[in-house]
1. Hey, does the stretch 84-94 have a residue that's part of a helix (DSSP H, G or I), within 17 Å of residue 186 (Cα to Cα) and not charged (D, E, K, R)?
2. Go through (1) in contact with a strand residue (DSSP E or B) (Cβ under 7 Å, 6 or more places away or on another chain); (2) without any contact (Cβ under 8 Å) to a residue 60 or more places away in the chain one by one and return the number of the condition residue 24 breaks.
3. Please go through (1) surrounded by 13 or more Cβ atoms within 10 Å (Cβ to Cβ); (2) more than 20 Å from residue 100 (Cβ to Cβ); (3) of a type outside the set (A, V, I, L, M) for residue 125 and return the number of the only condition it doesn't satisfy.
4. Of all residues in the stretch 93-112, how many are out of contact with any Ser or Thr (no Cβ under 6 Å at 6 or more places or on another chain), surrounded by 23 or more Cβ atoms within 10 Å (Cβ to Cβ) and of a type in the set (A, V, I, L, M, F, W, C)?
5. Looking at (1) out of contact with any His (no Cβ under 8 Å at 6 or more places or on another chain); (2) over 16 Å from residue 60 (Cβ atoms); (3) touching a residue at least 24 places away in the same chain (Cβ under 8 Å), which one does residue 234 not meet, given that it meets all the others?
6. What residue, among those in the stretch 360-403 that are of a type in the set (D, E, K, R) and surrounded by fewer than 16 Cβ atoms within 10 Å (Cβ to Cβ), is nearest to the chain's Cα centre (by Cα)?
7. (1) free of Cβ contacts under 8 Å to residues at least 40 places away in the same chain; (2) in contact with a Pro (Cβ under 7 Å, 6 or more places away or on another chain): which one isn't true of residue 206, the others all being true?
8. Working only within the stretch 116-126, note down all residues that are more than 17 Å from residue 336 (Cα to Cα) and touching a helix residue (DSSP H, G or I) at 6+ places or on another chain (Cβ under 7 Å).
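All of the numbers you see were taken from the coordinates with simple rules; none came from a lab. Here the structure is a predicted model, which means the values were calculated and not measured. Here the Cβ is made from the backbone with ideal geometry for all residues, glycine too, and neighbour counts use every protein chain on show.
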Amino acid sequence: MRVVLSTWGSRGDVEPLAGLAVRLRELGAEARVCAPPDEEFAALLAGVGVELVPLGPTVRSVVTGERPPSAQAAFRLAPELVAARFDTLTTAAEGSDVLLATGLMPAGARSVAEKLGIRYVFACFHPFGLPSRHFRPGRRPGTPSPQEETDLKVLWEQDAQRVNELYGEAENRHRAAIGLPPVDNVRDYVFTDRALLAADPVLGPWQDLTELDLVQTGAWILPDERPLPAELEAFLEAGAPPVYVGFGSMAMHTSTDLARVAVEAVRAQGHRVLLARGWADLAPIDDRDDCLAVGEVNHQSLFGRVAAVVHHGGAGTTTTAARAGAPQVVVPQIADQPHWAARVAELGIGTAHDGPAPTLDSLSAALKAALTPESRARARAVAGMMPTDGTTVAAKLLLDAGA
């Protein structure tokens with residue numbers, strides 16, 4: 001059986017597909033991943049022997065400019081991604097049995113599956129972009145909803161209209177080119193009625209929050225057996241556990257002098273500092289030996305050896321820190337990240353920073369609250385409750401779907 005896994009997004013969108021591809025291969029299927037051609041994503045997939053089929057532009061080129069991407073940029077990117085999916089997936093999925101799509105609104109993927117006559121599955125890592133009677137839609141470029149509108153049904157209908165504004169013309173133009181009729185609601189066509197929710201049920205018990213029939217598989221974890229770099233091992237061995245600070249694929253445009261704020265806040269709590277450079281390009285602020293900056297390393301191995309993890313609240317980082325039993329300080333930036341921050345606080349395994357731009361005082365207060373024996377004990381207890389078979393559940397569902 002052949003399965004194609006498709007995404008366009010950050011490492012948090014790509015790495016779960018690598019984990020799922022590995023598990024599919026172990027179960028006897030052939031799996032390939034269509035994803036952005038960023039060097040780190042290619043290296044990630046190559047490291048586990050999974051083929052990367054480049055799809056669309058690099059994510060880094062889109063999000064790491066001097067300013068956050070504008071609405072105008074979103075309206076340029078949307079049709080580019082639709083065209084990339086029709087082009088790339090039509091070839092990549094030829095002769096396959098199942099096409100799974102996730103990441104930034106994967107418009108175009110289901111149309112390709114429809115044309116090829118193969119099974120299409122939509123997957124998500126959180127439910128907060130899906131129509132719901134419990135919460136409002138997130139922000140999206142396009143015609144805004146009136147401020148006075150509070151009816152959730154109306155707000156979600158308007159969200160669907162914004163998706164059509166972004167993707168509708170390109171989707172239907174490409175569908176017409178391959179002999180398919182137009183769709184009038186791109187969002188709902190992409191989402192289908194039954195989707196996979198690849199989130200840990202302890203950390204994200206959100207299966208029943210949307211109008212879709214979500215099958216919660218558990219998180220899709222790619223086991224990481226890589227050793228830590230020698231310099232990092234030496235730093236960890238040289239003193240008490242440090243506080244890790246890293247924001248992954250977030251450029252952190254709203255935060256000024258972020259490295260200084262982070263280092264001074266951690267030092268104020270009497271801890272050493274481990275900075276992850278990431279796309280925010282964090283670096284030490286002086287030459288003191290209590291601070292080390294690292295590149296991309298094995299978080300699964302590292303997080304069990306730090307005093308706390310300060311991060312942006314992406315699904316992957318939140319899950320990895322929780323599985324390691326590390327207290328967290330979540331500084332949410334966009335999309336689902338405020339929900340993960342709130343859940344970390346609700347579980348008592350860390351704190352949710354108020355707002356996306358930490359100051360010395362605000363981050364110090366959040367760290368003080370997270371670095372308590374109670375938070376550490378609770379984090380370890382929750383880690384013991386989290387299942388580890390998400391990729392197995394999902395892989396078997398996909399194999400059944402393609403049978």
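1. First, pick out the residues of the stretch 84-94 that are part of a helix (DSSP H, G or I): 84-92.
Within this subset, residues satisfying the condition of being within 17 Å of residue 186 (Cα to Cα) are 84-86.
Subset that is not charged (D, E, K, R): 84, 86.
Within the stretch 84-94 (the criterion being part of a helix (DSSP H, G or I), within 17 Å of residue 186 (Cα to Cα) and not charged (D, E, K, R)), the answer is yes, since at least one residue qualifies.
2. Among (1) in contact with a strand residue (DSSP E or B) (Cβ under 7 Å, 6 or more places away or on another chain); (2) without any contact (Cβ under 8 Å) to a residue 60 or more places away in the chain, the lone unmet condition for residue 24 is (2).
3. For residue 125, the exception is condition (2).
4. Total satisfying the criteria: 5.
5. Answer for residue 234: the failing condition is (3).
6. Residues of the stretch 360-403 of a type in the set (D, E, K, R): 361, 368, 374, 376, 378, 380, 389, 396, 400.
Restricting the remaining residues to those that are surrounded by fewer than 16 Cβ atoms within 10 Å (Cβ to Cβ) gives 361, 368, 374, 380, 389, 396, 400.
Numbers: 361: 28, 368: 27, 374: 28, 380: 23, 389: 19, 396: 22, 400: 26 Å.
Residue satisfying both the conditions and the ranking: 389.
7. (1)
8. Step one: list which residues in the stretch 116-126 are more than 17 Å from residue 336 (Cα to Cα), which gives 116-122.
Answer for the stretch 116-126, where residues must be more than 17 Å from residue 336 (Cα to Cα) and touching a helix residue (DSSP H, G or I) at 6+ places or on another chain (Cβ under 7 Å): 119, 120, 121, 122.
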